[in-house]
1. In debye, nearest 20: dipole of region 136-242 around its Cα centre with unit charges on the Cβ of K, R (+) and D, E (-)?
2. Please compute the length gained on full extension between V111 and V35, using 0.36 nm multiplied by the number of residues separating them and subtracting their Cα-Cα distance.
3. Kindly state, as a whole number, the per residue volume in cubic angstrom of the convex hull around the alpha carbon atoms of region 136-242.
4. Along Cα→Cβ, 7 Å out, is where each label goes; now give me the distance between the ones at M189 and V148 in nm to one decimal.
5. Between D42 and L164, what is 0.36 nm times their sequence separation minus the Cα-Cα distance? Round to one decimal in nm.
Amino acid sequence: MSVHLTFPGGAHAPRGEPRLIDLGRLVIGGSALAVGILYLLDAMGVLEAGEVLGAWWPVVIVAVGLAQLAERARPATGPLVVTAAGTLLLLSTTGVLPGSTWSYVWPAALVAAGALALTRWRGAGPVRGAVDGRDLVSATGVLGGAEVASDSPAFRGASLTAVLGGVTLDLRRARLDPGGAAVTATALMGGIDILVPRGWAVRVRGMPILGGVEDKTLHAGADEGPVLRIDALAALGGVEVSHGKKGEATDGQVPAAR
């Protein structure tokens, strides 16, 4: 984790120039320093280090979440979830909340996941009326896999859902509608792969909840023309946008026309 902050003065940072601060090292170094001090005090008989660590270890999780938030210009879902989870654990381990930690964690996680999913119910946006099944695609993989491909000359959108399974949408032989297209991808303990031709303008908006959303497409030369908008929600799963399947050579791929 690293972020640009401006610090005046210093031998290696002239006044007014930005300096790269590694927040990850600050968290790791600060945690090591705190643990070392606790055990030194324990050796001197001042306190019981094990008891203190047992009550206050969630502070590290809170620090990690805050460090991730500091890296971003605007709040992001993942760091907010990490910070909230660490805070909830801290309130439980320090006795502010009665009962076991787990009795609070899993209901709070369900509430947060449901609320976050509902905030994205609109998906990637409106989809224009489709002419046939190639223009508008729907695929669901539940406890299994689903692979769909479109060679539409005017692709307009798709709805993809993977629950304990996988879904692959292959658009490498399709062309985008002049007005663009919208894809909504939801992965719950599953995976979704979206394959697009080189040269398409792709805009990915992701919400990973203990999961991942990756855009591996090449954006060079794709600033003009219609746009493929992808709204991805990955909970304990993953959504990946790329030019080819894993292990598949794509160098010889002929880009589809827009």
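No value in this document is a laboratory result; all are computed from the given coordinates. Source: prediction; values computed, not measured. Neighbour counts run over all protein chains shown; Cβ positions are idealised from the backbone, glycine included.
1. 120
2. Details: separation 76, 0.36 × 76 = 27.36 nm, distance 3.35 nm.
Here the answer is 24.0 nm.
3. Numbers: hull volume 7.3 nm³, N = 107.
It comes to 68 Å³ per residue, whole-number rounded.
4. Between M189 and V148, the simple spin-label model gives 2.4 nm.
5. On the way: separation 122, 0.36 × 122 = 43.92 nm, distance 4.73 nm.
Between D42 and L164, full extension yields an extra 39.2 nm.
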